[in-house]
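J.: Have a look at this one.
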């Protein structure tokens, strides 16, 4: 007597159900994609309307830009991710930041031989503003930071290091770990640091302090003053601007990207 | 003098101060009146006279009442004057110091001079008739309340008022902008949720989603600026946009690459391309995503990532390993070189010079001398002279 393999039948049925389920699943995704496409069109219209009323506000008002960026971040949207994105195309935010990126790269390159690829946000801000001329839009430090964050993806070693109340911007692919960062922060107050200071404030052994300082020297980010009274001082040219501001010389400008 | 009305002396919105002069005496026609020592102010809309001793005593006349003006030269013991001929007072004129007058003109006597400038300015204002373009909310204010007597220069109060109005206007614009922005973000948030839901479906049924659908989805994400929830990687890679971009880049970069020895860092490329475009610039991510597709599209350029993380674009025909051989020659000739020195000699950027030397070292051709004076490379004699 034949006994239908309950197993076989069941499996067959199950397979059929699965196939149907899969089919429905595919249809569901198709539906949703269509829905997304429609919603996207609607959103584009909303954004166009917003742009027609407030595009100027974004261009002219740095505080409003910050609000805008923060809101985007909160909901999980990156308006600067692509020049082809709606935000960029309709609000013009893209061009603003991408051009700023170019200016930042050029300034950092022009000054690299002097400061080893480390520059304070203030100095960068000053130099960028100078380069933009009197009639360009206002650019805030927040704008610079956002542009720099986008530049990281180019692999050139762009980084942002918090020191004191401000930031140092790194623009070379040098390895800077926590130890280096801490020393930079220590040096921020006076523009230089000594081994004794490191020992007393950070409680490090001399060897560790020396290693970190030597790395900074090698990278050109620190200069050694052996003629200082007492012990040698390690100066950070990136922090010099408080002492004297310098213009980019024509030679330096030439070394920057043509 | 019956055309004058009492006023607080505060400038209206849209009214600007043009010139003012101290030491002015008023005449009703030929007769002196008690207003013998005051500051005369000319605005775009009115002539205002304020008593120097009693600041609350302030009268004004709209410029629209002026028919024409004449100069009267100074004489012995007589100050220079300006004669102002006026239209009859309008019936709805605010109360003033004089109910009636037998004259249809007044005189402004400049005891402390200043009449030349004043005359010039007054002529200008009467000719330009700027009060017609800038209607004020009230033409003349009545201020009988002496408690309002705050001693302030009319000009400054007017300016402050205007700044305040402007601030309020700006605030209104900003708050409207924020409101609109919030509403917009709500809608954007819905898009993000929807995309997450779709991504989940895709994840569950890997292989059942067509290639086409995936590409469509990615391009939607690209438009919105949403990261790809499935792969978490840079969304947008693999969209038609990036494919097109890659092909464009291959065209744009051919010559610059040849001019630079076949290799350029990605930051250089970014600057070059965007400077050339001027508008509709590429984002850094756009560039990277496009470059990632170069090889698969069989284009004559490729993206290369060094150990240090530095990213470059090379011509396919470029062979960095071969360049290493010539680098070794150069270093040998000079005995030793730092990246800076090598860069200057060869005419490369320091960044790429360093990468080449590091590669040479990796391949065993060069040795490093790492000291506080910098990183210096020597030919690897251990290898060649063992």
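J.: Could you tell me how many of the residues in the range B:367-379 are farther than 14 Å from residue B:353 by Cα, modelled with pLDDT under 90 and in contact with a strand residue (DSSP E or B) (Cβ under 9 Å, 6 or more places away or on another chain)?
T.: Matching residues across the range B:367-379 total 4.
For every residue, the table says whether it meets (1) touching a strand residue (DSSP E or B) at 6+ places or on another chain (Cβ under 8 Å); (2) at pLDDT 80 or above; (3) not in a helix (DSSP H, G or I).
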site	(1), (2), (3)
B:143	yes, no, yes
B:152	no, no, yes
B:155	yes, no, no
B:158	yes, no, no
B:166	no, no, no
B:169	no, no, no
B:172	no, no, no
B:176	no, yes, no
B:182	no, yes, no
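J.: Among the residues of the range A:66-84, write down those that are in a helix (DSSP H, G or I) and closer than 16 Å to residue B:183 by Cα.
T.: Correct list: A:67, A:68, A:69, A:70, A:71, A:72, A:73, A:74, A:75.
J.: Anything in the range B:265-311 that is in contact (Cβ under 8 Å) with a residue 12 or more places away in the chain and under 14 Å from residue B:244 (Cα atoms)? List them, or say none.
T.: Hits for the range B:265-311 are B:282, B:286, B:287, B:288, B:289, B:290, B:291, B:292, B:293, B:294, B:297, B:299.
J.: If residue B:323 passes every condition in (1) surrounded by fewer than 17 Cβ atoms within 10 Å (Cβ to Cβ); (2) more than 9 Å from chain A (Cβ to nearest Cβ); (3) in a helix (DSSP H, G or I) but one, which one does it miss?
T.: (1)
J.: Related question: Quick check on my filter: what residues within the range A:73-106 are within 7 Å of chain B (Cβ to nearest Cβ), under 20 Å from residue B:190 (Cβ atoms) and surrounded by 19 or more Cβ atoms within 10 Å (Cβ to Cβ)?
T.: Residues satisfying the conditions are A:77, A:78, A:79, A:81, A:85, A:86, A:87.
J.: A further question on this structure: Tell me, which helices (runs of 4 or more DSSP H) wholly within the range B:212-301 include 3 or more residues that are at pLDDT 90 or above and at the interface with another protein chain (Cβ under 9 Å from one of its Cβ atoms)?
T.: Once the helices (runs of 4 or more DSSP H) in the range B:212-301 are filtered for at least 3 residues that are at pLDDT 90 or above and at the interface with another protein chain (Cβ under 9 Å from one of its Cβ atoms), what remains is B:266-277, B:284-292.
The values are calculated or read from the model by the stated rules, or taken from the named source; none is laboratory data. Keep in mind that this is a model prediction, so the values were computed, not measured. Ideal geometry is used to build each Cβ from the backbone, glycine not excepted, and the neighbour counts take in all protein chains shown.
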